[in-house]
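Coordinate-derived values only; no laboratory data. The structure displayed is predicted, hence computed values, not measured ones. As a convention, Cβ positions derive from the backbone with ideal geometry for all residues, glycine included, and neighbour counts pool all protein chains shown.
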Amino acid sequence: MAGYVEDVFSTFAARWDPAAATSGIARAFWIVRVVGLVVALSTVFAASPHPWSPGKQADAITVTMAVCTVAWLVWMFAGSRPRVTMVSLAVAAVTGGALAGLSPNSAAIAIGAVIAAHVGARYEPSTSIAITAAATAAFLITGLTLNGHPGFLIGYTFGFMGFWTVGYTRRANMLRAEEAERTLAETRRAREAETQAAALGERARIAREIHDVLAHSLAAVSVNLQAAEGLLSTLPAGSPELAKAIECIGRAGAFTREGLADARRAILALRDDAALSLLSDQLSALAEEYRTDGDDVDFGVTGTPRPVPAEARLTAYRTAQEALTNARKHAPGQPVRLSLSFSPSEVTVLAVNPVLHGGPGPGGPLAATGAGYGLTGLRERAALADGSLTAGPIDGGWQVCLRIPA
């Protein structure tokens, strides 16, 4: 039985305020208001004079009690209609105040007191004071008309004012709590921005270190290898050892140039201006780099480019970088098709070259480099970003496809 009653109250509460259906506190307030109205009206029936007593005062009690009850119920079921709520509260306050003056021996004063506390907590001071003053004026007019006791009139007047003060204090506390929440949210956003700025600064510092230490060293090695190759080429030909030395130097030069290209791409990915650019712009710049180095790379974009989260952007960039590097190693001189597709829920990076890795292609001086874990690392990186990566033969060629939510 208790559960059934609670379900009924929950249904009524949900119609009055949707949050009440899931909030125990809101449901409790709703029940208290219903019970309070019933108790207050019950005491009016039990007090003297009561509605069925002879005389005009009893008729006035009946009318004000009926109007007050209707206004109270309209207030409770008004929902999200602010004008209806305000009008019903004003009518209930005025009739409740008048009822308190007409039935001084009852608890009708509770009706006006509850409304005074509610409007004090929910409305601006000008509106809440006006409604409370109207209830107080209705009470004083009826009380003075019936020659009420001065102590009764003064005491209940201060009672209205006291309940309004309680509601206004609660409103001030709620406003301070909301302001504290907004301040906390702004502080959290500022902290996140500072963290991101610090991370971007650290990325720029690492990029500078890579440039100074690795790129400069590889450039110096490349220059010296080219000088050594030039000196060896001036020696008399015919010696197998000389030919082998020239071949080794040529291969070392190719390794060095590849290392320089990788260093440039790593620096581009780490620099903060690249990190903030669109993924389509980054991949376009990457394809242009490879074309500058002599590779045949065709790049296209499908869909509307949009900003992509940092982790997804870096994963997509590394995937395209690894695919182009593998194509250069295993199918040098062959065209590569790189595409970037945007759909509402994900981003797709697709790289296709016409010669199988390790297949019939002629290969190049870099074909034997690397430890063979590039695609494995890309799959792990894609999984960390909740994406998936597939790589394998397709129509006599090789395809690398990354799908990542973004």
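Couple of notes before you dig in:
- Amide proton proximity set for Trp398, modelled H, under 5 Å, gap of 5+: Asn353, Val355
- With each label modelled as a point 7 angstrom along the Cα→C-beta vector, the Leu242-Arg203 pair spans 5.2 nm.
- The relative contact order of region 34-142, computed from alpha carbon pairs under 8 Å that lie at least 6 residues apart in sequence, is 29 percent.
- In terms of its alpha-carbon gyration tensor, region 281-337 comes out prolate; a/c meets the 1.5 threshold, and the first ratio a/b outweighs b/c.
- Paramagnetic label reach from Asp281 (point 7 Å along Cα→Cβ; backbone nitrogen cut-off under 16 Å): within region 309-340, residues 309-310, 313-314, 317.
- Whole-Hz ³J(HN,Hα) from phi, Karplus 6.51 cos²θ - 1.76 cosθ + 1.60, for region 175-189, glycine and proline x: 5, 5, 5, 5, 5, 5, 5, 5, 4, 4, 5, 5, 5, 5, 5
- Projected label distance in nm at Asp395 and Ala134, using a 7 Å step from Cα toward the beta-carbon: 7.7 nm
- 5 angstrom amide H check on Val347, placed H, neighbours 5+ away: Ile404, Ala406
- Cα pair count fraction exceeding 18 Å, expressed as % - region 119-199: 60 percent
- R0 of 30 Å, Cβ-Cβ distance Leu146-Ser42: FRET efficiency to nearest 0.05: 0.85
- Computed FRET value (nearest 0.05) for Thr292 with Ser341, which takes r as the C-beta separation and R₀ as 25 Å: 0.50
- Gained length - Arg170 relative to Arg191, 0.36 nm times residue gap less alpha-carbon distance: 4.4 nm
- Global geometry of region 15-164, whether rounded, prolate or oblate, following the gyration tensor of its Cα atoms and the 1.5 cut on a/c: prolate
- Extension gain (nm, one decimal) between Val34 and Arg306, 0.36 nm per residue minus Cα-Cα: 92.5 nm
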